[in-house]
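The values are calculated or read from the model by the stated rules, or taken from the named source; none is laboratory data. Here the structure is a predicted model, which is why all the values come from computation and not from measurement. With ideal geometry, Cβ positions are generated from the backbone for all residues, glycine too; neighbour counts draw on all protein chains shown. Accessible surface areas use protein heavy atoms only, side chains included; no ligands, DNA or RNA. Shrake-Rupley method; radii C 1.70, N 1.55, O 1.52, S 1.80 Å.
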Amino acid sequence: METFVTIIEQRPLQSRTYQDNQGQSRVFHSRGFVLTNGIDEFYAEMTGDQALQCGEYEPGLLRRFQGNIRQRRFVDKNGQERFENVIYITKLI
């Protein structure tokens, strides 16, 4: 997905520890953004080193956005199967 967006909100860097497949302790970094393309508003995340190295963007400026949209399947507390979309930022310039 590629489009032009304006940043509404840039969330602070979040870091959390997790265990990888080999049992090693690793740190996962993410930074969330609320974006708009002028019609829709959506939430997207930068992850990994990109999130760690990301500076503060000036809100309100038009930027080029590239990202991947993935779906996540889960079961809610009532046993119903649900889906949600997750958007990952690959480039924001």
Report summary line: The number of residues in segment 30-46 that are in contact with a Ser or Thr (Cβ under 7 Å, 6 or more places away or on another chain) and of a type in the set (Val, Ile, Thr) is 1
Report task. Only residues that are part of a strand (DSSP E or B) and aliphatic (A, V, I, L, M): list them for segment 19-58, please. Result -> VAL27, VAL34, LEU35, ALA44, MET46
Query raised in the report: Considering only residues of segment 53-90 that are open to solvent by 80 Å² or more (accessible area, probe 1.4 Å) and under 23 Å from PHE28 (Cα atoms), which is farthest from the chain's Cα centre (by Cα)?
Result: ARG73
Query raised in the report: So which residues in segment 12-52 are within 19 Å of ASN85 (Cα to Cα), among the charged types (D, E, K, R) and open to solvent by 30 Å² or more (accessible area, probe 1.4 Å), if there are any at all?
Result: ASP40, GLU41, GLU45
Report task. Only residues that are in contact with a strand residue (DSSP E or B) (Cβ under 9 Å, 6 or more places away or on another chain) and charged (D, E, K, R): list them for segment 1-46, please. Result -> GLU2, GLU9, ARG11, ARG16, ASP20, ARG26, ARG31, GLU41, GLU45
Report task. Return yes when ASP49 is touching a strand residue (DSSP E or B) at 6+ places or on another chain (Cβ under 8 Å), charged (D, E, K, R) and farther than 15 Å from ILE89 by Cβ and no when it is not. Result -> no
Query raised in the report: Quick check: anything in segment 61-80 on the phi < 0 side of the Ramachandran plot, assigned to a strand (DSSP E or B) and aromatic (Phe, Trp, Tyr)?
Result: yes
